Amino acid sequence: MSAIASNLQAVRTRIADAAKAAGRSPESVSLLAVSKTWPLGHVLEAVAAGQVAFGENYVQEGVEKAEASAGHSLIWHFIGPLQSNKTRPVAEHFAWVHSIERLKIAERLSAQRPDHLPPLQVCVQVNVSGEASKSGCAPDEALELCRALAALPRLRLRGLMAIPEPSDDPAAQRAPFRQLRELFEHIRASGLPLDTLSMGMSHDLEAAVAEGATIVRIGTAIFGERHYA
Ligand SMILES: *Cc1c(COP(=O)(O)O)cnc(C)c1O
């Protein structure tokens, strides 16, 4: 078995164990393999091990991999910061965007989504307490942004995403995930049918699953440590 295949199996086991510990079904959590910085060959090794959904942070890199793997029916998720002058290739090549933090970006994605593709699935990125990056909307702006997104014709609003500050303490890991889940429940109670909580990475997926994650975004634990040029 390749290293990527055995890493994938180990990650799937971690997800299943965390789900069971939380009284959830393992199938309620889907695994997004974050392939940023890794070549297409690594993606195809993961595909051979049964992985279908991949996440990318950089527009050009993601578009190149999506085009080069077009015969494999993969599902590409854009999870990185998105500038307004880069929305078109994202609208044309990705199935999901997790990192919507302002309405202007969402309006451009909706306008640029090609008619022959299904609506773009989107999550609002929220800057929960202790956010590592400075990105994401403020928690008290999330409901209004969700309402505006839900009205855009070529987007389908699915849920919320966050990237909390890394921590080694399991209790500290859970607090921001809980905050995101409570916000998700509040928005659902306001009448928007959200079904997706995109939270949890290699070091904290157990805490995220315990707090209700439905998509975990895992890079390092599958592909190894990234090296930036
Ligand atoms: C890189 C990245 C990940 C994967 O992080 P790992 O720690 O390598 O698992 C997940 N989500 C986002 C938004 C990322 O940028």
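Rule-based calculations on the coordinates, nothing more; no lab input. These numbers come from a predicted model, not from an experiment. For neighbour counting, all protein chains shown are included, and Cβ atoms are generated from backbone atoms with ideal geometry for every residue, glycine included.
Structure data summary
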read-out: Farthest toward positive dipole pole in the range 3-223 [+1 Lys/Arg, -1 Asp/Glu at C-beta], among ALA48, ALA91, MET161; value: ALA91
read-out: Residue-count net charge about HIS227 - beta-carbon cut-off 15 Å; Lys, Arg +1, Asp, Glu -1; value: 0
read-out: For the chain, calculated [θ]222 nm from helices alone, where every DSSP H run of n ≥ 4 adds -39500 (n - 2.57); value: -12000 deg cm²/dmol
read-out: Positive minus negative residues near MET199 (Lys, Arg vs Asp, Glu; Cβ under 11 Å); value: +2
read-out: Restricting the range 149-229 to trypsin sites (Lys or Arg not before Pro) in coil, as DSSP defines it, with at most 12 other Cβ within 10 Å; value: ARG226
read-out: Loop sites in the range 54-91: chymotrypsin sites (Phe, Trp or Tyr not before Pro), DSSP, at most 15 other Cβ within 10 Å; value: TYR58
read-out: Cα shape, the chain, gyration tensor, a/c 1.5 rule; value: oblate
read-out: J(HN,Hα) series, the range 180-190, from Karplus relation 6.51 cos²θ - 1.76 cosθ + 1.60, nearest Hz, glycine and proline x; value: 5, 5, 5, 5, 4, 5, 4, 5, 4, 5, 7
read-out: Among GLY191, GLY136, GLY219: highest mean-square fluctuation, GNM of the chain, C-alpha pairs under 10 Å; value: GLY191
read-out: 13 Å beta-carbon shell around PRO39, net charge (K/R +1, D/E -1); value: -1
read-out: Estimated dipole of the chain in Debye, rounded to 20 [Cβ of Lys and Arg +1, of Asp and Glu -1, Cα centre]; value: 440 debye
read-out: The range 94-110 - phi-based ³J(HN,Hα) in whole Hz, Karplus 6.51/-1.76/1.60, Gly and Pro as x; value: 10, 8, 9, 10, 8, 10, 7, 10, 8, 5, 4, 5, 5, 4, 5, 4, 5
read-out: Whole-Å distance, taken between Cα centres, linking the range 164-229 and the range 72-94; value: 21 Å
read-out: Nearby lysines by direct alpha-carbon distance to LYS36 (threshold 16 angstrom, same-chain neighbours under 8 apart not counted); value: LYS65
